[in-house]
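Where a number appears in this text, it was derived from the coordinates with a stated rule and is not lab data. Bear in mind that the values here come from a model prediction, so they are computed numbers and not experimental data. Here the Cβ positions follow ideal geometry from the backbone for every residue, glycine too, while neighbour counts run over all protein chains shown.
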Amino acid sequence: MKNLVIIDGSNFYHKAKKLAPSIHLTNYNYKKLVETITGSTENDIEYCVGEIKVHPNSDAKNQYLYSGQQALFHTLQQQGIVVKKGFMLKNQGIYHEKGVDVRIATDIVRGALKNEYGTCYIITSDSDILPAVETAIEAGKKIVYVAFERTVVSKALAINCSETFFITKSMIESAE
């Protein structure tokens, strides 16, 4: 049975950049990193992220971010990775990602109840998905919390998941 690997794009970006600042994540080999994490080539991979949109009054920074994200989406799709999109909500001039955690939680539960995976690897530190993790484990699935070495670890996920796996700096760099 295949593994399901769910990458929280924003979480992955910030933690990977903290661990390996020189890494270029737009053209990154995500599939190779996932195979290192799971020890398998039998993986269904999802990359979940808030979608950046360009509006008629968008500034240069917004257009630059949009362009970079489109290049990332192309890279992911070339590797057979499914991109699942939330959205970005602007509040008092600050953008906030919305809908991503719910999508991750839904996919964990749906996959567990429909027996779509044996093990689900979650690359996120957002404990909002904890009820989904508990539901999947109750359904007999193994849930692996994938954290990054030398970063803050979600104690709630580490305690409640079946196991915890740590991505190291050398793993990130070797998949580039």
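Estimated purely from DSSP H runs of n ≥ 4, each contributing -39500 (n - 2.57), the mean residue ellipticity at 222 nm for the chain is -12500 deg cm²/dmol once divided by its residues. Simple point charges give the picture: +1 on the Cβ of Lys and Arg, -1 on the Cβ of Asp and Glu, and for the chain a dipole about the Cα centre of about 300 debye. With kT/(6 pi eta Rh) evaluated at 10 °C and eta = 1.306 mPa s, and Rh the Kirkwood radius from Cα pairs, the stretch 20-64 diffuses with a coefficient of 117 µm²/s according to Stokes-Einstein.
You can think of it this way: the chain between GLU176 and GLU42 has 46.2 nm of extra reach, that is 0.36 nm per residue less the Cα-Cα gap.
Across every pair of non-identical alpha carbons in the chain, the mean reciprocal distance, once inverted, gives a Kirkwood radius of 16.7 Å. Taking a straight Cα-Cα cut-off under 21 Å and skipping sequence neighbours fewer than 8 places away in the same chain, the lysines within cross-link reach of LYS31 are LYS2, LYS15, LYS17, LYS18, LYS84, LYS85, LYS142, LYS169. Structural descriptor for the chain: relative contact order 28 percent, calculated from alpha carbon pairs under 8 angstrom and at least 6 residues apart.
Sites listed here are GluC sites (Glu not before Pro) in the stretch 67-174 whose DSSP assignment is loop and whose Cβ has at most 14 other Cβ atoms within 10 Å: GLU149.
Qualifying GluC sites (Glu not before Pro) in the stretch 1-83, where qualification requires a DSSP coil assignment and no more than 13 other C-beta atoms within 10 Å, comprise GLU42.
Which of the trypsin sites (Lys or Arg not before Pro) found in the stretch 105-141 are in a DSSP loop and have at most 10 neighbouring Cβ atoms, other than their own, within 10 Å?
LYS114
Against the main long axis of the alpha-carbon atoms of the chain, helix 9-19 sits at an angle near 90°. Multiplying the residue separation of VAL54 and LEU130 by 0.36 nm and removing their Cα-Cα distance gives an extension gain of 24.0 nm.
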